[in-house]
Amino acid sequence: MENTKQKNQIALVTGAASGLGFELALLLAKDNYDLILADVDAEKLQKAKETITSEYASEVQLIIKDLSRNNIAEQIFQDLDGKPIDVLINNAGFGIFGSFIDTDWQREMDMLNLHVMTTTHLTKLVLKGMVERGSGKILNMSSLAAFQPGPLMSLYYASKAYILSFSEAIANELKGSGVTVTCLCPGQTKTCFQDVVSNGCKASDNKIKFNIGSAKEVAEYGYEAMLKGKVVAIPGNINKFLSKLPRFVSRNTATAIIRRIQEKNREG
Ligand SMILES: NC(=O)c1ccc[n+]([C@@H]2O[C@H](COP(=O)([O-])OP(=O)(O)OC[C@H]3O[C@@H](n4cnc5c(N)ncnc54)[C@H](OP(=O)(O)O)[C@@H]3O)[C@@H](O)[C@H]2O)c1
């Protein structure tokens, strides 16, 4: 008998094993997308799949890869085996705290590869099919860090500024193509991210936490913005205000304020 099940649309989410990526995957599953989830930790990703499939009927394929490796986007694209991607969420990322002179170069190269090269290359590879089909949505994960320099997290802030600039530029190029690009710029969000940045210090230990959002709320905000094709999405009024800081004070002052926040957050 002919299979009459209507084919679901397919979404590819990177960094989907936890935090914002996992919450975004849940929202996609709720909307009947089939999922391709990519992350580095097999056990965590399998758990994420089990949680999603216990609630929703989506088919879930896992890609377990370190997305900071050279040319990894090409390998992921080959793993897709020609499947059309309707939604691409470039979310995987991590932060590194410390003076540039002291931080570990290998880890920094990995972060830059992940945030800059993998995000850009995967977008390029997936975008071609989207444009040919005249439809598609891309959500790139940036940060409030994108709006000014960030002493003590200099490369993280710079890489998130790259993602914002890149996303805004291609969103403009793609006008009228049926493909939209949204750049989500969250402020502090309660996930494992802060633990990675601070090497053991929990997000809840941050001294400045008046604007910490939950992963669920931030993901919902970003997901809605992506569905609407909004180009830049900043969740929360305080974060919207903070993103405009360099308009109210000089860039030097904004940079000094960020340094003070970074220091304050990690005071003993
Ligand atoms: N939380 C915040 O305050 C905040 C604010 C603004 C922007 N963001 C951005 O939001 C995104 C998601 O972070 P999150 O807060 O949800 O943190 P998270 O809970 O740590 O999630 C990030 C996910 O990406 C995975 N990942 C990291 N490096 C990877 C690699 N090389 N290859 C494959 N997967 C990798 C992580 O796996 P492992 O845990 O196994 O390494 C984790 O599952 C990041 O791009 C981050 O920069 C976060």
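Assorted remarks:
- Rounded percent of accessible protein surface that carbon and sulfur make up, segment 10-265, 1.4 Å probe: 54 percent
- What the chain shows is 50 Å² of accessible area per residue, with the surface traced by a 1.4 Å probe over protein heavy atoms.
- Computed from backbone phi, the HN-Hα couplings of segment 75-90 come to 5, 4, 4, 5, 4, 5, 6, x, 5, x, 9, 8, 9, 10, 10, 8 Hz, rounded to whole numbers (Karplus: 6.51 cos²θ - 1.76 cosθ + 1.60, θ = phi - 60°; Gly and Pro given as x).
- Projecting the Cα atoms of Gln148, Ile170, Ile63 onto the dipole axis of the chain, where Lys and Arg carry +1 and Asp and Glu carry -1 at the beta carbon, places Gln148 farthest toward the positive end.
- Using only the C-alpha atoms, the convex hull of segment 10-265 corresponds to 120 Å³ per residue.
- Under 22 Å from the Cα of Lys128 - lysines, other chains or at least 8 residues apart: Lys7, Lys83, Lys137, Lys175, Lys228, Lys230
- Furthest towards positive pole of dipole, Leu28, Ser243, His121, structure part the chain, Cβ charges: Ser243
- Ranked packing of 29-38, 243-252, 72-81, most packed first, by mean Cβ within 10 Å: 29-38, 72-81, 243-252
- Centre-to-centre, using Cα atoms only, segment 242-268 and segment 162-198 are separated by 21 Å.
- Rg and Dmax of segment 16-135, based on Cα coordinates, read 15.3, 49 Å.
- Distances between placed amide hydrogens fall under 5 Å for Ile89 paired with Leu12, Val13, Thr14, Leu139, all partners being 5 or more residues away or on another chain.
- Helix content alone sets the calculated 222 nm mean residue ellipticity of the chain: runs of n ≥ 4 DSSP H residues at -39500 (n - 2.57) each, divided across all residues, give -14000 deg cm²/dmol.
- Dipole magnitude (debye, nearest 20) for segment 10-265, charges at Cβ of Lys, Arg, Asp, Glu: 1100 debye
The values are calculated or read from the model by the stated rules, or taken from the named source; none is laboratory data. If you're wondering where the values come from, they're calculated on a predicted model, not measured in any experiment. In this analysis, Cβ positions are derived from the backbone assuming ideal geometry, glycine residues included, and neighbour counts consider all displayed protein chains. Ligands, DNA and RNA are stripped out before the accessible areas are found, and what is left, the full protein with its side chains, is counted by its heavy atoms. Shrake-Rupley method; radii C 1.70, N 1.55, O 1.52, S 1.80 Å.
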